[in-house]
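Here the structure comes first, spelled out in structure tokens, and everything after it is commentary.
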Amino acid sequence: MKILFVADVFGPAGSGAVRDGLPGLREELAIDFCVVNGENAADGRGITPKLADRLLAAGADVVTLGNHTWARGEIYPYLDASERVIRPANLGAGRPGRGLAVAAAADGTPVAVVNLMGWLFLDVPLTPFELLDDLVDEARRRAQVVVVDFHAEATSEKIAVARILDGRVTAVIGTHTHVQTNDARVLPGGTAAITDAGMTGPHDSVIGVKSELAISRMRDRMPVRFEPAEGGVRLEGVVVTCNDDGKARGIEAIRIDA
Ligand SMILES: [Fe+2]
């Protein structure tokens with residue numbers, strides 16, 4: 001099976017790259033299942049129901065989120081109702097949505113997708129380590145192929161989670177930092193991993209934001225309203241190849257000019 005993971009879709013440029021590029025890419029690469037991280041789709045922060053529907057219509061089987069999940073209130077009821085748009089499980093029980101989805105690949109094989117957030121340098125009510133084992137066990141009861149989107153700031157935490165889950169899931173894909181790392185590899189137990197899959201959006205920017213605005217906030221220390229940049233648009237992510245039993249055979253990072 002071939003799984004495409006599309007990294008953090010940022011703003012209108014990122015959404016446009018998915019809308020225009022994903023259907024053809026799925027076909028060209030003979031993709032069986034596609035996960036899209038959409039947490040920056042709405043002008044860089046969060047996602048709306050309309051934007052989530054558009055990612056699904058373009059070919060996402062499951063959409064994952066991250067630290068900006070609660071930025072748009074209109075997504076709350078949508079997350080409660082949706083089986084295929086999920087948010088980090090450790091954002092708290094009793095809040096809208098869930099952190100696990102199971103959807104069918106092109107040939108009908110069930111694929112589980114788990115979404116978790118790191119706690120180093122990020123504000124989460126629970127560390128990922130408190131939920132990780134139970135969540136992965138539940139995912140594996142429902143599917144042999146399991147993809148984890150680990151949305152985290154620190155490379156060390158992302159690598160640690162990949163090591164913890166090696167041999168238990170098909171892939172641990174790091175997201176959130178928006179810079180694709182050069183470490184896509186299959187770990188000894190058969191789990192594919194990359195520290196960060198990159199960003200689908202405007203790369204003439206500071207991780208998606210107009211450079212002058214991001215620089216002004218850092219240098220002048222004054223409040224600045226961030227706006228998504230527009231230029232240098234790329235679709236980034238990874239393609240994971242795996243066996244029916246869920247063991248990864250390969251992982252390849254992709255960067256495609258939109
Ligand atoms: Fe994020």
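The values are calculated or read from the model by the stated rules, or taken from the named source; none is laboratory data. It should be emphasised that the depicted structure is a prediction, and the values quoted were computed from it without experimental measurement. Methodologically, a virtual Cβ is constructed for each residue, glycine included, from the backbone with ideal geometry; neighbour enumeration extends over all protein chains shown.
Among the numbered conditions (1) at pLDDT 95 or above; (2) more than 14 Å from the ligand (Cβ to nearest atom), the only one that GLY92 does not meet is (1). Whenever a residue of segment 17-34 is farther than 11 Å from ALA60 by Cβ, its partners that are among the polar types (S, T, N, Q) and surrounded by 19 or more Cβ atoms within 10 Å (Cβ to Cβ), lying with C-beta atoms within less than 7 angstrom and at least six residues away or across chains, give the pairs ALA17/THR200.
LEU22 falls short on exactly one of the conditions (1) touching a Pro at 6+ places or on another chain (Cβ under 9 Å); (2) in a helix (DSSP H, G or I); (3) more than 24 Å from GLU153 (Cβ to Cβ), and that condition is (1). Could you tell me whether ALA101 is more than 16 Å from the ligand (Cβ to nearest atom) and either aromatic (Phe, Trp, Tyr) or closer than 22 Å to LEU132 by Cα (or both)? The answer is yes for ALA101.
Would you please name the residue that is surrounded by the most Cβ atoms within 10 Å (Cβ to Cβ), looking only at residues in segment 82-91 that are under 23 Å from LEU51 (Cβ atoms) and without any contact (Cβ under 8 Å) to a residue 60 or more places away in the chain? The extreme case among them is ARG87.
Based on what the data block shows, is GLY46 modelled with pLDDT of 95 or more, surrounded by 19 or more Cβ atoms within 10 Å (Cβ to Cβ) and part of a helix (DSSP H, G or I)? Against the criterion (modelled with pLDDT of 95 or more, surrounded by 19 or more Cβ atoms within 10 Å (Cβ to Cβ) and part of a helix (DSSP H, G or I)), GLY46 does not qualify.
All of ALA30, ALA57, ALA101 fail the test of being out of contact with any helix residue (DSSP H, G or I) (no Cβ under 7 Å at 6 or more places or on another chain), assigned to a strand (DSSP E or B) and modelled with pLDDT of 95 or more, apart from ALA101. Identify, please: which residue in segment 200-218 is polar (S, T, N, Q) and surrounded by 22 or more Cβ atoms within 10 Å (Cβ to Cβ) and is, among those, nearest to the chain's Cα centre (by Cα)? The selected residue is THR200. Of the numbered criteria (1) of a type outside the set (Asp, Glu); (2) within 15 Å of the ligand (Cβ to nearest atom); (3) under 14 Å from the mean Cα position of the chain (by Cα), the one GLY11 fails is (3).
Quick grid of which residues meet (1) in contact with a Pro (Cβ under 6 Å, 6 or more places away or on another chain); (2) small (Gly, Ala, Ser); (3) away from the ligand (no atom under 16 Å from the Cβ):
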residue: GLU39; (1), (2), (3): no, no, no
residue: ALA42; (1), (2), (3): no, yes, no
residue: GLY59; (1), (2), (3): yes, yes, yes
residue: HIS68; (1), (2), (3): no, no, no
residue: PRO77; (1), (2), (3): no, no, yes
residue: ARG84; (1), (2), (3): no, no, yes
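Here are LEU100, LEU116, LEU79, LEU122: which of them is in contact with a strand residue (DSSP E or B) (Cβ under 9 Å, 6 or more places away or on another chain) and buried (at least 23 other Cβ atoms within 10 Å of the Cβ)? Answer to the check: LEU116.
Could you tell me whether GLY118 is at pLDDT 95 or above and either among the hydroxyl-bearing types (Ser, Thr, Tyr) or out of contact with any His (no Cβ under 6 Å at 6 or more places or on another chain) (or both)? So GLY118 passes the test.
Of the residues HIS178, HIS151, the single one that is within 13 Å of the ligand (Cβ to nearest atom) and farther than 12 Å from GLY118 by Cα is HIS178. Checked against the criterion of being surrounded by 20 or more Cβ atoms within 10 Å (Cβ to Cβ), outside any strand (DSSP E or B) and either more than 16 Å from the ligand (Cβ to nearest atom) or basic (Lys, Arg) (or both), the candidates ALA162, ALA197, ALA193 yield just one match: ALA162.
If you go through segment 129-139 and keep only what is surrounded by 15 or more Cβ atoms within 10 Å (Cβ to Cβ) and in contact (Cβ under 8 Å) with a residue 40 or more places away in the chain, you end up with LEU131, LEU135.
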